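**Q** Take this structure first; my questions come after.
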Amino acid sequence: MLTSVLIKIIMDIIILSIIAFLIALLTFFSSFGLSTLLTPFLMIYYPTEEAIIYTGIIHLVNNLFKLLLVGRKINYSIFFQFGITAIIAAFLGSWLLLQIPTDTPLVTYTLWGKECQIEVLKLLIATLLISLACIELSSKFKNISIPKRLIPLGGFLSGFFGGLTGNQGALRSVFLLKTDMNKITFIATTTVISTLVDFSRLSVYSLKFDRLSFSQDIFSLLPLMLSAILGAFIGNKLLKKITMKTIENLVAIMLIGLAIGLAIGIV
């Protein structure tokens with residue numbers, strides 16, 4: 001019995017590590033999506049609230065490594081306009097997350113022998129994911145020009161949803177892809193903003209660490225962190241060979257699939 005449980009734990013860690021590697025590799029180029037895509041997979045193994053917090057830790061480690069690779073190319077003007085409001089809003093979104101009850105599902109049902117639960121927070125995340133995916137796939141979005149005066153507003157919205165749901169990058173990209181930054185500067189600038197938002201929300205999340213099984217789960221998260229770092233390393237090597245359009249469309253399609261799964265309680 002003990003051996004079978006241990007084998008299952010190891011297999012789960014291997015599967016999640018592979019997923020973390022692939023997501024980190026895929027999202028290196030678009031500079032968003034690691035939290036968005038990884039959170040639903042962690043929700044399969046952890047409660048919703050814990051999955052968001054643990055994804056935040058992996059996301060932070062991944063971002064710190066990316067800064068070592070491309071951090072010298074930051075656009076400081078965009079960083080200050082977008083980043084300051086994002087950091088402030090991240091505190092607000094993180095605090096709100098801790099106030100939302102996640103223990104009582106809205107609906108519980110059985111599908112293919114599995115008990116599925118529809119929760120408030122999962123519905124919120126699913127709605128956000130589908131909205132962002134539709135924006136990303138829309139041909140009209142490619143021609144939208146966002147005035148620079150709205151960049152601080154974009155920072156606030158990105159930071160708020162980053163703190164609340166762990167999904168900050170897509171909103172950030174909606175605003176910052178329309179600036180004059182080249183690919184490397186875009187990745188560097190969005191990464192430093194994302195890193196500071198991670199610090200903001202994790203400082204709030206840490207208030208709940210004593211009520212979570214964090215001391216036990218941190219060891220199972222280490223392989224995921226290393227896998228995400230490896231994905232970022234290889235992504236940096238492939239940076240010149242990948243087009244943004246292909247990556248963004250693929251991520252958008254994946255968002256829709258995961259969002260549907262979250263909305264109906266499968267994941």
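**Q** Multiplying the sequence separation of Ile184 and Leu22 by 0.36 nm and subtracting their Cα-Cα distance, what value in nm do you get? Write down the numbers at each step before the final one.
**A** Working: separation 162, 0.36 × 162 = 58.32 nm, distance 2.03 nm.
Going from the current span to full extension adds 56.3 nm.
**Q** Under a 5 Å amide H to amide H cut-off, with H placed in plane at 1.01 Å, what residues pair with Cys116 once short-range neighbours are removed?
**A** Hits under the 5 Å cutoff: Tyr109, Thr110, Leu111.
**Q** Then there is this: How much length is gained if the chain between Phe199 and Phe233 is pulled fully straight, taking 0.36 nm per residue apart and subtracting their Cα-Cα distance, in nm to one decimal?
**A** Values: separation 34, 0.36 × 34 = 12.24 nm, distance 2.18 nm.
In short, 10.1 nm is gained.
**Q** Here's something else I'd like to know. Put a dot 7 Å past each Cα toward the Cβ at Lys73 and Trp95; how far apart are the dots in nm?
**A** Reported label-point gap for Trp95 and Lys73 is 3.7 nm.
**Q** Hey, can you find the accessible area per residue of region 1-76 for me, probe 1.4 Å, expressed in square angstrom?
**A** Details: 3280 Å² over 76 residues.
About 43 Å² of surface per residue is accessible.
**Q** Quick check: at a probe of 1.4 Å, how many percent of the accessible area of region 9-72 sits on carbon and sulfur atoms?
**A** Values: 1590 of 2080 Å².
Summing carbon and sulfur atoms, their accessible area is 76 percent of the total for region 9-72.
**Q** Mind ranking 64-72, 52-60, 87-95, 232-240 by how tightly packed they are, going by the mean number of other C-beta atoms within 10 angstrom, highest first?
**A** Ranked from most to least packed, the peptides come out as 52-60, 87-95, 64-72, 232-240.
**Q** If I take R0 = 35 Å and measure r between the Cβ atoms of Thr110 and Leu207 in this structure, what FRET efficiency does the formula 1/(1 + (r/R0)^6) give, to the nearest 0.05?
**A** Details: r = 35 Å, r/R0 = 1.00.
Between Thr110 and Leu207 the formula returns 0.50.
The values are calculated or read from the model by the stated rules, or taken from the named source; none is laboratory data. Note that the structure is a prediction, hence the values are computed from the model and not measured. Please note: Cβ atoms are built from the backbone with ideal geometry, for glycine as well, and neighbour counts cover all protein chains shown. Calculation scope for accessible area: heavy atoms of the full protein, side chains included, ligands and nucleic acids excluded. Shrake-Rupley method; radii C 1.70, N 1.55, O 1.52, S 1.80 Å.
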